[in-house]
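Report on one structure; see the data block that follows.
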Amino acid sequence: MDRDKIIIAGIINGDQRVLKGFYNDNIRYIKAYILKNYGTTQDVEDVFQDAFMILYQKLKSGILEVTISLKSYFLGICKNIWRNQLRKNQKFIINNELINKKEANNPYTTDNESKEREHLYRKYFQKLSVKNKYLLLLSFEGNSAKEIATIMGYSEGYTRKKKFEVKKQLFDMIEKDPLYRELKTI
């Protein structure tokens, strides 16, 4: 991370040596990803430039707190930009095949997207209180509101209300996560 701090300072200050080094260190990964996913060399340059401007603006404003390597963070920005461009063109990638969304009859979900959705759900499920998690688990197991009320010691009406509130709380947390917005558009 010390190397990243030097790079961050160089980017903010416009140090040409650091900027050139950053470009040389990252372009091959960006190029490999975009070309593998049906882009052109011009797309590589455009995405790199757009991602670099985003990175620069966030670093300059001080709103960015990088908790992973700068290289990984930058690659993530590039991947998101490229996916968004494909989405804008009504295209998406499944199993290394470029699919035109207009031509696709069935909705596709890749394993990675499913795993990301599940991870997101579990992340926020764990933030619920023990009682709220238990209430939802009982519901997921197929127990009726009456059965849950008996187990939890609530009235049936309160159980329904509580279940609704807990689900709303869970989905509100999930919807605030940036990953949710990205997955929602897929």
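What are the ³J(HN,Hα) couplings of segment 66-78, residue after residue, when phi is run through the Karplus curve with 6.51, -1.76, 1.60 and θ = phi - 60°? Round to Hz, x for glycine and proline.
7, 9, 10, 4, 4, 4, 5, 4, 5, 4, x, 4, 4
Charges only on Cβ, +1 for Lys and Arg, -1 for Asp and Glu: so what's the dipole of the chain about the Cα centre, in debye to the nearest 20?
420 debye
Scan the chain and report its longest stretch carrying no chymotrypsin sites (Phe, Trp or Tyr not before Pro) that are both in a DSSP loop and have at most 15 other Cβ atoms within 10 Å.
109-186
Below 17 Å Cα-Cα, how many Lys pairs turn up in segment 2-100? Only count pairs eight or more apart in sequence, or on different chains, if you could.
Value for segment 2-100: 14.
Sort VAL47, VAL66, VAL166 so the one with the fewest other Cβ atoms within 10 Å of its own Cβ comes first.
So the ranking, lowest neighbour count to highest, is VAL66, VAL166, VAL47.
Could you grab the relative contact order for the chain? Cα pairs under 8 Å, six or more apart, rounded to a whole percent.
14 percent
Can you give the relative contact order of segment 111-184 as a percent, counting alpha carbon pairs under 8 Å and 6+ residues apart?
RCO, segment 111-184: 35 percent.
What list do you get for GLU141, GLU147 if you sort them by fewest beta carbons within 10 Å?
Fewest-to-most Cβ neighbours within 10 Å comes out as GLU141, GLU147.
In what sequence do MET173, MET53 fall when counting other Cβ within 10 Å, fewest first?
Ranking MET173, MET53 by Cβ neighbours within 10 Å, fewest first, gives MET53, MET173.
Name all residues of segment 160-181 having a backbone nitrogen under 18 Å from the label point set 7 Å from the Cα of LYS115 along its Cα→Cβ direction, giving them as ranges.
Those under the cut-off are 179-180.
What is the extension gain from SER144 to ILE27, computed as 0.36 nm multiplied by their sequence separation minus the C-alpha to C-alpha distance, in nm to one decimal?
36.5 nm
Coordinate-derived values only; no laboratory data. What you see is a predicted model; the values in this text were computed from it and never measured. Neighbour counts are summed over all protein chains in view; Cβ atoms, including those assigned to glycine, are modelled from backbone coordinates with ideal geometry.
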